[in-house]
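Novice: Before anything else, here's the structure in question.
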Amino acid sequence: MQLLRNVLEKAQSDGAAIGHFNIADLVFLKAVFAAAEELKVPVVVGASSGERAFMGVHEIVALVRSLREESNFPLFLNADHTHSLPEALEAARAGFDSIVFDVSALPFEKNVRQTKEAVEALKAVNPAILVEGELGDIGTGSEIHEKAPDLAKGLTTPGDAKRYVEATGIDVLAPAVGNMHGMLKSMVRGETRKHLDIARIAEIKAATGSLLTLHGGSGTDDEDLRKAIGAGINLVHINTELRVAWRDGLENALAKEPDEVVPYKILEPAVESVKQVARSRMRLFEGGLAA
Ligand SMILES: [Zn+2]
């Protein structure tokens, strides 16, 4: 089995990034895995604390592991946004490949101290585990927002990023570079797109030399995503776009067959709908055209 670090570094040398897609249930996992297998691109599936609570920490690991063993495909599992050490340790012990340790709401020095402690504790559980730290404000909640939060003051500076990476020993840094969790209604309708601070990404990459994750990728302009990958983003998180596709697929299936009660018949169009979005994003991250 390949290591996630090697997969990310290989993608970087190929000018590509790896897609990270959240899974809230088996529909998402099936859809994302099928899209990745079809395109033959490595993929990371992630589970946030809400998603882990819903599916079960050990149950998610068992599902992902069984798919991986059966297919021998580079499928990785990330614990998305853990906010405390016990929560992060639980995921590491259960067998997650990477952990997002997110105490970015704390002041800088406290964030550094707690993240450093987490890196040490998590590496003691599994030396190969990747630990990602978060710096800056990218909002909360992969859902539909009425209006955009003001995140301008929370952008990550290259100087802070360098100090943070050096002081904590993290493997991956998630900066705030114009990205935002969730989508605005106008983005769901396709009228507006998020835009990224590409120069800032390039400066953070140069200052840290670290692997970089872009959170809140849903609703981002395609060209901005390509440029962000060129500037040093290695992993792109997509969640809300998949959730919107899931709901659309489900609603269409229910509307089309009002008397249907067989779950796998109702859910199949949701799998297809999520798969199409994941596939299109994977092609873009690979350096190809979105389709
Ligand atoms: Zn995130």
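Novice: Taking the stated definitions as given, is V261 open to solvent by 20 Å² or more (accessible area, probe 1.4 Å), free of Cβ contacts under 8 Å to residues at least 40 places away in the same chain, more than 16 Å from the ligand (Cβ to nearest atom) and more than 24 Å from the chain's Cα centre (by Cα)?
Specialist: Yes; evaluated as a whole, the condition is true for this residue.
Novice: Within segment 143-153, work out how many residues are at pLDDT below 90, open to solvent by 30 Å² or more (accessible area, probe 1.4 Å) and part of a loop (DSSP other than H, G, I, E, B).
Specialist: 5
Novice: Could you give me the residue pairs with C-beta distances under 7 Å whose first residue belongs to segment 222-245 and is within 15 Å of M183 (Cα to Cα), whose second residue is within 16 Å of the ligand (Cβ to nearest atom) and of a type in the set (D, E) wherever it lies, and which are 6+ apart or on separate chains?
Specialist: These pairs meet every condition: T240/E143.
So that you can scan it fast, the table gives a plain yes or no per residue for (1) more than 17 Å from the chain's Cα centre (by Cα); (2) assigned to a helix (DSSP H, G or I); (3) more than 27 Å from G159 (Cα to Cα):
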position: R200; (1), (2), (3): yes, yes, no
position: R243; (1), (2), (3): no, yes, yes
position: E251; (1), (2), (3): yes, yes, yes
position: V271; (1), (2), (3): yes, yes, yes
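Novice: Report, by residue number, each residue of segment 85-124 that is open to solvent by 40 Å² or more (accessible area, probe 1.4 Å), part of a loop (DSSP other than H, G, I, E, B) and either within 23 Å of I238 (Cβ to Cβ) or of a type in the set (A, V, I, L, M) (or both).
Specialist: A105, L106, listed by residue number.
Novice: If I filter segment 229-241 down to residues being among the hydrophobic types (A, V, I, L, M, F, W, C) and assigned to a helix (DSSP H, G or I), which single residue comes out as farthest from R283 (Cα to Cα)?
Specialist: A231
Results for (1) open to solvent by less than 40 Å² (accessible area, probe 1.4 Å); (2) modelled with pLDDT of 95 or more, shown as yes or no for each residue.
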| site | (1), (2) |
| --- | --- |
| I238 | yes, yes |
| V244 | yes, yes |
| E251 | no, yes |
| K256 | no, yes |
| L289 | no, no |
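Novice: Within segment 41-84, can you find the residues that are part of a strand (DSSP E or B), farther than 22 Å from R283 by Cα and β-branched (V, I, T)?
Specialist: Answer for segment 41-84, where residues must be part of a strand (DSSP E or B), farther than 22 Å from R283 by Cα and β-branched (V, I, T): just T82.
Novice: Report, by residue number, each residue of segment 178-189 that is part of a loop (DSSP other than H, G, I, E, B) and either open to solvent by less than 50 Å² (accessible area, probe 1.4 Å) or in contact with a strand residue (DSSP E or B) (Cβ under 9 Å, 6 or more places away or on another chain) (or both).
Specialist: Matches in segment 178-189: G178, N179, M180, H181, G182.
Novice: With (1) assigned to a loop (DSSP other than H, G, I, E, B); (2) of a type outside the set (S, T, N, Q); (3) more than 25 Å from K30 (Cα to Cα); (4) within 19 Å of the chain's Cα centre (by Cα) as the list, and P127 as the residue in question, which single condition is left unmet?
Specialist: (4)
Novice: Ok, one more. Among V64, V57, V32, which is the only one that is over 30 Å from K227 (Cβ atoms) and open to solvent by less than 10 Å² (accessible area, probe 1.4 Å)?
Specialist: Checking each option against the conditions leaves just V64.
Novice: Mind listing whichever residues of segment 154-177 are touching a Ser or Thr at 6+ places or on another chain (Cβ under 9 Å), in a loop (DSSP other than H, G, I, E, B) and open to solvent by 10 Å² or more (accessible area, probe 1.4 Å)?
Specialist: G169, I170, D171
Novice: Restricting to segment 215-228, name every residue that is closer than 26 Å to K30 by Cα and of a type in the set (A, V, I, L, M).
Specialist: Residue satisfying the conditions is L225 alone.
Novice: Residues to consider are E132, E120, E146, E109; find the one that is acidic (D, E) and within 16 Å of the ligand (Cβ to nearest atom).
Specialist: Within the list E132, E120, E146, E109, the selection yields E132.
Novice: Still on this structure, I have one more. Is there any pair linking a residue in segment 40-67 that is closer than 10 Å to A24 by Cβ to one that is of a type in the set (V, I, T) and part of a loop (DSSP other than H, G, I, E, B), with Cβ under 7 Å and at least six apart or on different chains, and which?
Specialist: From residues that are closer than 10 Å to A24 by Cβ, the pairs are A47/I23; E51/I23.
The values are calculated or read from the model by the stated rules, or taken from the named source; none is laboratory data. Small disclaimer: the values here were computed from a predicted structure and weren't measured. Every residue, glycine among them, receives a Cβ derived from its backbone with ideal geometry; neighbour counts consider all protein chains shown. Heads up: the accessible areas ignore ligands, DNA and RNA and are worked out on the full protein's heavy atoms, side chains in. Shrake-Rupley method; radii C 1.70, N 1.55, O 1.52, S 1.80 Å.
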